[in-house]
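Below is one structure; the comments refer to it alone.
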Amino acid sequence: MFPAVLLAAALDFGIVRDAAPQLARGFALTLEIAVTGTIGALAVGVAGAAARISPSAAARAAATAFTEFFRNTPPLVQIYFLAFALPKLPGVGHYLILPAVVAATLGLVLHQGAINIEILRAGLLAVPEGQREAAAALGLGRIDQLRYVLVPQAARISLPALGNNVISLFKNTTLVASIGVLDLFGEANDIIAQILVSAELFITVGVIYVICVALLGTAFRLLERRLALA
Amino acid sequence: MSSYLTALPALVRGLGTTFAVALASMALAVAFGFIAGTLRSVLPKALDLPLLGIIEFLRGIPLLVLMYFLFFGLPQLGIHTTNNAAAIAALALYAGALGSEIVRGAIVSIPMGQTEAAAALGLGTFSILRLVVIPQAIRRMLPPFVALFALIVESSSLAALIDVTDLLQAARQNVERDPDIALPIYLTVLVAYFIVNYPVSLASQRLEKKLA
């Protein structure tokens with residue numbers, strides 16, 4: 001977009017070198033939030049998908065309502081709700097004052113978890129009905145049918161979409177900075193507020209995220225190839 | 001509670017801004033998506049590579065980082081924007097990159113025989129796309145583009161963080177004035193986004209089933 005000369009003249013990446021230790025601290029927290037969030041979202045996805053195929057109509061309805069609400073509302077607003085609205089709940093609010101990093105991670109878990117429920121449910125439905133019937137004919141109970149026959153196949157079908165959701169969660173970790181959490185993006189903004197120079201830091205941070213996303217994408221493609229049933 | 005009621009008109013105005021930002025971003029994203037996606041489906045590999053690089057970059061960078069760069073970073077390079085323009089530009093670039101994948105995917109999904117038949121009738125590359133391939137591909141683009149709009153509405157909430165007075169920002173301003181109304185205000189905002197986005201998601205799913 002801009003002539004390289006103009007960019008080089010206007011930008012001073014020496015700033016980034018001075019900021020490196022602080023950015024590294026932020027990046028460690030970003031990874032921590034991403035890993036915790038991914039595990040949490042996967043747990044929500046598995047529990048929710050199980051509820052959505054359960055024989056109990058109430059469990060199915062509750063899981064469907066959860067899925068539709070949390071995937072059709074912005075994760076940023078969910079984070080704001082958990083951080084600022086939950087503590088105002090009459091009676092129990094003062095027990096619900098969460099540290100910012102917990103509220104932020106929980107917001108990501110709810111949104112990305114709701115998407116996981118939908119992905120895993122679709123994966124289970126995509127396994128041909130004959131597989132379940134064959135498993136039942138072999139005398140497997142409902143749980144064993146899921147464990148040995150349906151889930152292993154559904155997991156493979158769901159893997160590309162789950163991978164995309166992990167990447168989306170990773171990118172959304174930047175939202176935690178909006179409530180004062182010092183992740184990579186939060187630290188970058190903190191430095192910018194002190195030195196009042198921003199382009200170099202946003203470019204650096206942006207490139208770090210793009211590289212991580214590319215690495216995650218490659219890792220998931222390799223995993224898919226490894227797990228593929230030839 | 002009365003303070004909650006006095007905040008409602010501001011929330012409604014904020015929702016209006018959210019719609020305006022989302023619609024402008026969507027229009028630009030569709031245009032960008034069509035141009036980039038069509039180009040990517042016809043360009044030879046060597047020329048396609050830089051375009052692919054730009055699109056992968058836009059898909060990989062977190063939207064918030066892109067938005068902050070456009071709003072806070074660009075002035076340093078002598079390019080000044082308003083907060084609304086920066087928000088719309090960031091959303092349009094991000095959604096446009098996703099849109100280009102939708103367009104390219106739909107175009108390459110049309111069987112080669114269609115292109116070959118049109119070429120045999122003497123049509124040029126541009127006419128083949130315009131008269132034969134794109135009209136068929138549009139049906140396949142519709143459900144993902146509708147879903148993309150829901151994603152844009154949802155993602156437009158990030159504009160509040162660069163002071164665009166959208167729905168979330170209206171809520172933030174009112175909660176700042178009176179923290180005691182945080183619960184009803186943020187609940188209202190969540191429900192408002194849900195009421196907008198749920199029918200859009202449903203429409204996308206219905207279309208997908210209908211066109212499948």
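FYI, it's all coordinate maths here, none of it is from the lab. This structure is a prediction, so every number in the text was calculated from the model and none was measured. We place every Cβ from the backbone using ideal geometry, glycine too, and count neighbours over all the protein chains shown.
Which residues, taken from the stretch A:70-96, are in contact with a Leu (Cβ under 8 Å, 6 or more places away or on another chain) and hydrophobic (A, V, I, L, M, F, W, C)?
A:Phe70, A:Leu76, A:Val77, A:Ile79, A:Phe81, A:Leu82, A:Ala83, A:Ala85, A:Leu86, A:Leu89, A:Leu96
Condition test on B:Gly113, is it more than 14 Å from chain A (Cβ to nearest Cβ) and assigned to a helix (DSSP H, G or I)?
So B:Gly113 fits the description; yes.
Being facing another protein chain (nearest Cβ under 7 Å) and either acidic (Asp, Glu) or surrounded by 24 or more Cβ atoms within 10 Å (Cβ to Cβ) (or both) is the filter here, so list the residues in the stretch A:56-75 that pass it.
Passing the criteria: A:Glu68, A:Thr73, A:Pro74.
Go over the candidates B:Ala147, B:Ala160, B:Ala170 one by one and state the one that is within 8 Å of chain A (Cβ to nearest Cβ) and closer than 30 Å to B:Ala85 by Cβ.
B:Ala160
Conditions first: (1) crowded, with 22+ Cβ neighbours inside 10 Å; (2) without any contact (Cβ under 8 Å) to a residue 12 or more places away in the chain; (3) in contact with a Pro (Cβ under 9 Å, 6 or more places away or on another chain); (4) of a type in the set (Val, Ile, Thr). B:Val65 passes all but one, so which condition is the exception?
(3)
If you check B:Gly73, B:Gly53, B:Gly37, which single one turns out to be crowded, with 23+ Cβ neighbours inside 10 Å, more than 10 Å from chain A (Cβ to nearest Cβ) and in a helix (DSSP H, G or I)?
Matching residue, one of B:Gly73, B:Gly53, B:Gly37: B:Gly37.
Could you list, in sequence order, the residues of the stretch A:84-99 that are surrounded by 15 or more Cβ atoms within 10 Å (Cβ to Cβ) and assigned to a loop (DSSP other than H, G, I, E, B)?
A:Leu98
Can B:Ile102 be described as part of a helix (DSSP H, G or I), more than 11 Å from chain A (Cβ to nearest Cβ), touching a helix residue (DSSP H, G or I) at 6+ places or on another chain (Cβ under 6 Å) and among the β-branched types (Val, Ile, Thr)?
Details: part of a helix (DSSP H, G or I): yes; more than 11 Å from chain A (Cβ to nearest Cβ): yes; touching a helix residue (DSSP H, G or I) at 6+ places or on another chain (Cβ under 6 Å): yes; among the β-branched types (Val, Ile, Thr): yes.
It is true that B:Ile102 is part of a helix (DSSP H, G or I), more than 11 Å from chain A (Cβ to nearest Cβ), touching a helix residue (DSSP H, G or I) at 6+ places or on another chain (Cβ under 6 Å) and among the β-branched types (Val, Ile, Thr).
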